[in-house]
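Readers should treat all values here as calculations from the given coordinates under stated rules, not as data from a laboratory. Just so it is clear, the structure is predicted and the values come from calculations on it, not from any experiment. Please note: Cβ atoms are built from the backbone with ideal geometry, for glycine as well, and neighbour counts cover all protein chains shown.
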């Protein structure tokens, strides 16, 4: 199932606190483009009765059932892309642009 790294969880909690949305779950969405790459969306939102609910690293996550197959094996991380520039990234083997991280 979908996972969040410890670093990403810390940033999600920090962002929720800054925005006053600590009580809301993190909503994820994903759409596969014609070229096989995946467009990811996320934000804090109320859960609905139809949502799939999971928890990872203490973060409550919701998504509509149609996104589960695309996100089931994905991991969300928060990394430094360039010096001083941090971003959320999704490591997803179902994304055509996925490249496994180098083993250390």
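Given the DSSP H assignment, sum -39500 (n - 2.57) over each helix run of at least 4 residues in the chain and divide by its residue total; what's the result at 222 nm in deg cm²/dmol, nearest 500?
Helix-only estimate at 222 nm: -5000 deg cm²/dmol.
Kindly give Rg over Rh for the range 3-91, based on alpha-carbon atoms, with the Kirkwood expression for the hydrodynamic radius.
Across the range 3-91, the Cα-based Rg/Rh ratio is 0.96.
Determine the relative contact order of the range 3-91: mean sequence separation of Cα pairs under 8 Å and six or more apart, normalised by residue count, in whole percent.
The normalised contact order for the range 3-91 reaches 31 percent.
Modelling each spin label as a point 7 Å along the Cα-to-Cβ direction, I'd like the residue 50/residue 1 distance in nm, to one decimal.
With each label point 7 Å from Cα toward Cβ, the separation is 2.1 nm.
In what order do 94, 17 fall by count of nearby beta-carbon atoms within 10 Å, going from fewest to most? Working shown, then result.
Working: 94 15, 17 10.
Fewest to most other Cβ atoms nearby, the residues stand as 17, 94.
Rounded to whole Å, give me the distance from the Cα center of the range 1-34 to that of the range 45-99.
Cα centroid to Cα centroid, the span is 7 Å.
If you take every DSSP beta bridge whose two residues both sit in the range 3-91, what share of them, in percent to the nearest 5, is antiparallel?
Working: 19 of 23 bridges.
Among the beta bridges of the range 3-91, antiparallel pairing accounts for roughly 85 percent.
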